[in-house]
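Everything on this sheet refers to the single structure shown next.
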Amino acid sequence: MPSERLEVVRRLRDAWCRFVPDEIVAFYSLDAEIVSPTGEMFGHVYRGHEGLRRYISEFAAAFGVPSFEVEELIDAGACVVEIVQVSARGRHSGAEVRRRIASVYSLRAGLVFKHVIYLDWAEALAAWGCHLVRPDSHGQVRQRRLAEDGPRRTLTTHPTPSRSQRDSPGPTTRGRS
């Protein structure tokens, strides 16, 4: 059964998909930190609700409304790792941008207090000292150690049902949001 943390992140991603700032902000604590990728367009730490609103505003000014396809949600114990494809169109250039990113969410009392965005999912997992466990096409489990220092954690991935699958009463299968 999915953890409460996974469900909070799923609902948060739904809010990001609607791209309504008030809905997004409601999932973050008053003292939240949002760390955008270093060296990219933003590359800042945004603090609190006002900082998050600034991040959303800066993103919207550069790209307009993004779309998201969640590939995986991983319950890493102290945090949730989300791997997602983001698509957006440059407001000024008109160029379409599509990129896989990873977000690491730390939650407290059902709210995100830290959201770190990585440009590489392996880097996101390694930053938390994790290794990934996945069954291959033959059902065999293979392990990939992503960090040599720090505590060893084993992660299993959780299927991410599409919105229509989540809303249907039938069984859930692997899909995309």
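Worth pointing out:
- For first residues located in the stretch 66-91 and over 17 Å from TRP16 (Cβ atoms), partners that are of a type in the set (Phe, Trp, Tyr) and lie 6+ apart or on another chain with Cβ distances below 9 Å form the pairs ALA76/TRP128; GLY77/TRP128; ALA78/TRP128; CYS79/TYR105; CYS79/TRP128; GLY90/PHE63; ARG91/PHE63.
- For the stretch 43-65, a residue qualifies if it is surrounded by 17 or more Cβ atoms within 10 Å (Cβ to Cβ) and either closer than 15 Å to LEU12 by Cβ or touching a helix residue (DSSP H, G or I) at 6+ places or on another chain (Cβ under 7 Å) (or both), and the qualifying residues are TYR46, HIS49, LEU52, TYR55, ILE56.
- VAL86 within 19 Å of ALA109 (Cα to Cα), under 11 Å from the mean Cα position of the chain (by Cα) and either surrounded by 18 or more Cβ atoms within 10 Å (Cβ to Cβ) or not small (Gly, Ala, Ser) (or both): no
- The one condition in (1) in contact (Cβ under 8 Å) with a residue 60 or more places away in the chain; (2) in a helix (DSSP H, G or I) that ALA60 fails to fulfil: (1)
- SER103 being modelled with pLDDT of 90 or more, among the polar types (S, T, N, Q), at negative phi and surrounded by fewer than 19 Cβ atoms within 10 Å (Cβ to Cβ): no
- Figure legend. Inter-residue proximity from the stretch 1-29: first residues crowded, with 18+ Cβ neighbours inside 10 Å and outside any strand (DSSP E or B), second residues basic (Lys, Arg) and modelled with pLDDT of 95 or more, beta-carbon distance below 9 Å, spacing 6+ or different chains. Indicated pairs: ILE24/ARG53; PHE27/ARG11.
The values are calculated or read from the model by the stated rules, or taken from the named source; none is laboratory data. On a predicted model such as this, the values are computed, not experimentally measured, just so you know. Neighbour counts run over all protein chains shown; Cβ positions are idealised from the backbone, glycine included.
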